[in-house]
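This report refers to the structure that appears directly beneath it.
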Ligand code: SF4
C-alpha cells in the first residue's frame, strides 16, 4: 500500500465485548509515537511523517460510515493511535472534535475510552473531551505497567514517573473520570513466574490505593509481557534470558484483582507482534482451557468462569 492510501486507513478497527459492553475499538494511523519504550514495537506501524487533519478525519469518517448501521449496538467506544490520542502534534485537535461529533451517533454509548500517555491527560484537554460527549463514563487508558520505578523507568523505559501519574489521577478524580491502566505481568527479563505475579499484584494494589484516594474508578488491563519482534527488548536480550509468563500466572493475577474488587481484563493476544513461541502459548504446560476461561471472564467480568480452576480449598 502506498503512503497516501495508508494515511487514510486506521491501523486497526475491531469489535469485542469488554467486561459486558460491546466495544468498538479503533486505532488511528498518525505520526508515530516519539517515546521509545523498550518492549514496544507498535510505532513501527505508524507514519514517519505527519498525517494531515484531512486524512485523519477521513479515517474517522471511514469507520463511522462502515459501522453506521450498527452504531447503536455499542456501549463502549475505545479509540487511540499508537501513542496518545490527546497529543495535539500527532492527533489534530479538529480531528478529535470530529471523532467526538461522529461518536454522538452511538446512542447507547456508556463509556468513551481514550488512550493516551499521562503527559497529555491535562485538565483542559479532558474538559474539552467531556464537553463533547454524552457518554456517562469518560475513561482514560494509560500504560503505567508496573509500580516498580526501576523496572518502569530503566528496564521498560516508560518515562512515566509516579508523581506524574498521581497528578493525573487527581485530575481524573476532580473530573469524575475513570482510569484504565495497563499492568504488565512479568515486566522484566530474568524474573521468575512468581516474581512476575507478585509484581503485577503489587501494581494493582498501588493503583487501587491511588485511585481510592481520589475517588477514581479503576479498570485493570493485564498485559502478559511478550517479546515483540523488532523491539529494543528483542534486540538486547538473548534467547532464554527472558521467558514469557505462564497462563497460570496470568490467571493468578486476574484472580487476585477480582478478589480486590477490581474489574480486570486480560490481554491474551500479542497484536500479531510476537509468534506463539514468544508468548505464554509457548510455555510448557500451556493449558488452553485456562485461556478460554479468561476469555469468558473478559467478556462478562463474571468470576464464575474462573472459580472452577481454583485449587480445592482456595477461597471463592
Ligand atoms: S508503549 Fe506507548 S508510549 Fe511507549 S513507545 Fe509504545 S506506543 Fe509509545
Practice problem: Could you work out how far apart the two model spin labels at residue 9 and residue 312 are, taking each label as a point 7 Å from the Cα in the direction of the beta carbon, and quote it in nm? | Solution: 5.4
Practice problem: Averaged over every viewing direction, what's the projected area of the C-alpha convex hull for region 118-222? Give it in nm², one decimal, please. | Solution: 6.3
Quiz prompt | Computed over region 1-135: relative contact order in percent, which uses C-alpha pairs under 8 Å that are six or more apart | solution = 25
Practice problem: Compute the relative contact order of region 143-299 as a whole-number percentage, counting only Cα pairs closer than 8 Å that sit 6 or more residues apart in sequence. | Solution: 23
Quiz prompt | R0 of 22 Å, Cβ-Cβ distance residue 154-residue 205: FRET efficiency to nearest 0.05 | solution = 0.50
Quiz prompt | region 47-150: mean projected area of Cα convex hull, nm² | solution = 7.6
Quiz item: What is the Rg over Rh value, at two decimals, for region 143-299, using alpha-carbon atoms and the Kirkwood definition of Rh?
Solution: 0.97
Quiz item: To the nearest 10 degrees, how steeply does helix 288-300 sit against the main Cα axis of the chain, on a 0 to 90 scale?
Solution: 40
Practice problem: Would you mind telling me which residue in 281, 235, 70 has the biggest mean-square fluctuation in a Gaussian network model of the chain, where springs connect alpha carbons within a distance under 10 angstrom? | Solution: 70
Quiz item: Using helices alone, what [θ] at 222 nm do you get for the chain, with -39,500 (n - 2.57) per DSSP H run of 4 or more residues, divided over all residues and rounded to the nearest 500?
Solution: -10500 deg cm²/dmol
Exercise. For a quick protection proxy, order the peptides 251-263, 21-33 by their average other-Cβ count within 10 Å, most packed first.
Key: 21-33, 251-263
Practice problem: Rounded to the nearest 0.05, what FRET efficiency do residue 304 and residue 36 give with R0 = 35 Å and r taken as the Cβ-Cβ distance? Could you check? | Solution: 0.25
Quiz item: What Kirkwood radius, in Å to one decimal, follows from the Cα pairs of region 178-260?
Solution: 13.5
Exercise. For helix 93-103, report the angle its Cα long axis makes with the longest principal axis of the Cα atoms of the chain; keep it between 0 and 90° and round to the nearest 10°.
Key: 80
Quiz item: Under a GNM of the chain (C-alpha, springs under 10 Å), which listed residue has the highest mean-square fluctuation: 54, 135, 293?
Solution: 54
Self-check item: Degrees between helix 193-214 axis and first principal axis of the chain (Cα, 0 to 90, nearest 10)
Solution: 50
Self-check item: Rel. contact order, % - alpha carbon contacts under 8 angstrom, at least six apart, the chain
Solution: 15
Quiz item: Using r as the Cβ-Cβ distance of residue 89 and residue 238, and R0 as 45 Å, what FRET efficiency do you calculate, to the nearest 0.05?
Solution: 0.80
Exercise. Using 0.36 nm per residue of separation minus the Cα-Cα distance, give me the extension gain between residue 65 and residue 107 in nm, one decimal.
Key: 13.6 nm
Quiz item: Given the options 297, 74, 35, which has the most mean-square fluctuation in a GNM of the chain, springs set between C-alpha atoms less than 10 angstrom apart?
Solution: 35
Quiz item: If you project the alpha carbons of the chain onto the principal axes, what extent comes out on each, in Å, largest first?
Solution: 55, 40, 39
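Read-outs: derived from the displayed coordinates by stated rules, not from any lab. In this text, all values refer to a predicted model and were calculated from it rather than measured experimentally. With ideal geometry, Cβ positions are generated from the backbone for all residues, glycine too; neighbour counts draw on all protein chains shown.
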